[in-house]
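What follows is a short report on a single structure.
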Amino acid sequence: MSGPPPSASQQGQCWKGDPGGESSRGGGRVEVYLHAVTDEQAELLQNTESIRILDEVSKQSGADVNFDVNSSPVLGRKVVTIRGVPSQIDEAVKLINKKLTLSEQAQTFWLQWVEASFPDLDSDAYFLPPVYFNRVPMTSESIAGESIVVLQPAPGKAGQSNKQAMTPPAAGQARSPQATGVQDSDTRDDAAMHRVLMCLQTMSKQNKEVLVGLSQLKFGEYLSEPCYSAAVAQLPVALSLPSCLPRNWKQGDFDVLLLHRDFGLVVLEVKTFGDNLQELKMSQQEIDNQIKKKLKQAASQLDKTEAMLSHLVSDIAPGLRITKTIAFPNLTAHQVQKAIAGDTQLTQTLCQCLGTTSDPADITGVCLCCDQLSDPNTPHDVSSHVLRELGHWWQRRVAGAGPDSHMTREVYKTLVAR
């Protein structure tokens with residue numbers, strides 16, 4: 001065998017002689033132990049991540065690095081054949097050790113963090129953040145004994161006063177002020193998102209659903225903390241978004257993303273149109289046109305979301321179920337159904353996106369509308385009636401398909417960690 005064996009400190013590797021190697025180039029045989037937290041992860045890592053790593057090692061070291069197809073694989077362990085001159089073999093071993101160790105440490109750290117942060121991960125529902133934060137910054141003040149809400153200046157509006165006396169809203173509710181530097185639509189979006197999340201949280205607790213919910217997470221924020229950069233560079237799904245997607249598909253966010261222990265991934269696109277129709281004095285045709293416009297936008301965004309999610313989890317659980325739905329917190333199912341009735345093209349688009357029949361009733365049946373949500377004036381009052389209606393929607397849209405076989409306990413924990 002050409003080249004010295006790796007030092008004993010090279011954890012997880014065992015150097016073996018290869019008497020059949022090419023004497024002109026030198027040859028080596030390295031057993032690389034792919035440490036993983038679970039057997040399932042080890043098996044998956046062998047099939048995806050390690051192949052990518054060995055390709056990179058071959059290019060960087062100049063050695064010929066491949067899995068030994070004649071070896072007897074043991075779960076969690078693979079045999080790698082390295083051929084080249086001594087310096088190439090040494091460099092390849094160093095690169096393999098460095099890349100596998102960094103990826104392993106990152107995955108292990110994140111899994112340990114999940115276990116410490118969510119002690120009841122296998123039996124409870126968690127939402128991140130645990131309470132909804134309004135996008136419109138506000139502070140409460142008392143003037144002349146009256147409680148008011150002070151709207152903070154929007155970016156670039158420094159020096160302008162945004163103070164406006166408002167009657168105290170219900171807990172967590174953001175009313176629609178007309179104030180300099182604040183978009184009226186932003187405060188309506190805040191109020192609608194708050195209701196949706198409040199109802200989902202209450203239902204999850206009531207039904208003992210096991211899930212982790214995320215809200216308003218941008219695609220680009222995935223693993224983007226600077227402290228993760230070194231580890232992310234070694235992962236099969238790094239911060240760089242998939243090159244196979246159109247450029248405009250790489251920008252977007254998850255309004256609500258649920259990682260469910262049994263049912264896979266559930267993503268909701270929230271559209272807030274409908275809460276101020278009387279103020280706008282729109283005709284019925286104008287209302288219907290706006291609803292159809294919002295539905296088209298939602299379907300397009302959900303298609304982007306599905307493609308992005310499929311990419312981001314492809315190394316963990318390829319084929320994991322992704323359930324898509326649209327939330328209209330300020331419209332009834334009847335209003336939505338009425339708007340799309342007769343529009344064949346739109347119903348076909350929604351049918352393909354949501355995986356339903358082209359019957360408008362079936363489409364609206366899987367959408368989350370105000371029929372299943374709390375009253376906008378009392379968003380925290382999630383009554384038994386609301387929970388019952390919300391439960392019917394959950395059964396139609398999510399639970400009715402039954403558990404996803406891809407979502408094991410370890411896959412669930414790994415997804416949350418990622």
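The table that follows gives values for the structure above.
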| item | result |
| --- | --- |
| Förster radius 45 Å - calculated FRET efficiency between LYS296 and GLN60 (Cβ-Cβ, nearest 0.05) | 0.45 |
| Of LYS59/LYS413; LYS218/LYS293; LYS205/LYS292, pairs whose Cα-Cα distance is over 30 Å | LYS59/LYS413; LYS205/LYS292 |
| Cα-based shape type of segment 316-418, given that a ≥ b ≥ c are square roots of the gyration tensor eigenvalues and the cut on a/c is 1.5 | oblate |
| Contour minus Cα-Cα distance for SER384 and ALA361 (0.36 nm per residue) | 5.8 nm |
| Placed amide H near ASP253: partners under 5 Å, 5+ positions off or other chain | PHE219 |
| Spin-label model distance (nm) - ASP375 vs LYS94, 7 Å beyond Cα toward Cβ | 7.1 nm |
| Two-site label geometry, VAL85 and THR332: point separation in nm, points 7 Å out along Cα→Cβ | 8.1 nm |
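The numbers here are math on the coordinates, done by the rules we state, and not lab data. Just so you know, these numbers come straight off a predicted model, no measurement behind them. Neighbour counts are summed over all protein chains in view; Cβ atoms, including those assigned to glycine, are modelled from backbone coordinates with ideal geometry.
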